[in-house]
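The values are calculated or read from the model by the stated rules, or taken from the named source; none is laboratory data. Source: prediction; values computed, not measured. Neighbour counts are summed over all protein chains in view; Cβ atoms, including those assigned to glycine, are modelled from backbone coordinates with ideal geometry. For accessibility, only protein heavy atoms count, side chains too; no ligands or nucleic acids. Shrake-Rupley method; radii C 1.70, N 1.55, O 1.52, S 1.80 Å.
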Amino acid sequence: MDLTMSCSSLSLLFFISLHIHFLVPGSGKFLPFRECAPFVCGDKNISYPFRHNERPTHCGYPGYELGCDGHNPTLVMESLTYRVIHMNTNMQILEVARKDLSDDLCHGAHVNTTLNSSLFNYTSSDLNSILFYDCDSSPIFGSYPFSCPTSGDSYFAPVVDLEHLPQELCNFSVLVPISQSDEAPDRPPPSEDSDFGAPINHAARISEILNKGFEITWIANTAQCENCTESGGICGYDWKRQRFNCFCTDGAYSPTCNGTRVPGSFPSSMYTYSHLFCGFQLAKAVQ
């Protein structure tokens with residue numbers, strides 16, 4: 001039997017089977033169109049530029065991956081995990097809170113809150129606050145006292161001047177922004193003493209403030225996504241070409257389903273793979 005003819009037939013059958021599997025499984029719609037549909041986490045409907053971290057990378061803009069703990073989306077950034085409290089897609093704002101400090105004020109990671117500046121920015125409503133641990137005395141007048149089993153006397157300063165921080169009174173500190181609101185006053189009320197003469201532990205009040213989170217804006221330009229969605233598409237990203245893709249029922253287009261077909265989408269990729277497979281088989285036969 002002619003090996004070339006056999007390989008051509010195999011290539012055709014291989015391509016057809018992949019075409020059926022990847023493009024029209026069950027629903028008859030383009031696979032990325034189905035893969036990248038918005039997902040629900042808790043009471044939030046999440047879509048591009050974000051993607052679920054278990055979905056293919058082409059479903060979201062690079063760097064905007066979210067998990068889901070069953071109730072809230074979670075964002076991992078610079079070694080810290082954040083709970084996403086609220087999303088404002090029109091303003092491109094996420095309201096987030098550090099999960100480690102939400103879980104336990106005393107056992108959170110002793111690292112400053114740091115954004116990936118290529119993906120997110122702070123907003124004008126954010127205030128600089130600091131948790132001071134293991135202190136000899138209050139580092140800032142009017143700060144909230146609290147105590148931890150392993151770090152002794154500690155304090156929370158809701159508003160601080162980062163350029164004039166005391167360095168000698170506490171062993172370490174953690175920068176964590178909070179949102180400006182009635183629940184986050186410039187200074188807490190004067191600390192009362194307990195019946196035993198010790199300062200009242202304000203840990204519960206501090207946790208309440210930190211759990212309200214702070215705001216960050218995402219930088220990715222999503223202007224094309226609205227037009228894609230209106231044309232019946234699902235927004236995605238072409239990592240190879242580093243540009244926006246509009247996934248439609250029959251393929252990838254730009255910028256909308258009424259626009260130009262994107263070359264090198266899944267059918268072309270599968271066809272190329274089948275030829276590579278046959279080339280490998282031919283090479284083996286020649287040896």
Under a plain spin-label model, where a point goes 7 Å from the Cα along Cα-to-Cβ, how far apart in nm are Ser118 and Arg243?
2.1
With a sphere of radius 15 Å drawn around the Cβ of Thr217, what net charge do the other residues whose Cβ falls strictly inside it have (Lys, Arg +1; Asp, Glu -1)?
-3
Please check which bits of the stretch 69-91 a label hung off Thr217 would reach, taking the label as a point 7 Å along Cα-to-C-beta and the cut-off as backbone N under 15 Å.
88-91
Rounded, prolate or oblate: which fits the stretch 202-258 when a ≥ b ≥ c are the square roots of the eigenvalues of the alpha-carbon gyration tensor, with rounded for a/c under 1.5 and prolate only if a/b beats b/c?
prolate
Highest-first arrangement of 99-105, 209-215, where packing means the average Cβ count within 10 Å:
209-215, 99-105
What whole-number value in Å² describes the accessible area per residue of the stretch 36-119 for a 1.4 Å probe?
47
In a shell of Cβ-Cβ distance under 11 Å around Ser125, excluding Ser125 itself, what net charge do Lys and Arg (+1) and Asp and Glu (-1) give?
-3
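Can you send over the carbon and sulfur percentage of the accessible area for the stretch 63-125, probe radius 1.4 Å, protein chains only?
On the way: 1420 of 3030 Å².
Carbon and sulfur: 47 percent of the exposed surface of the stretch 63-125.
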Whole-angstrom gap from the stretch 245-261 to the stretch 39-102, using each part's C-alpha centre
26
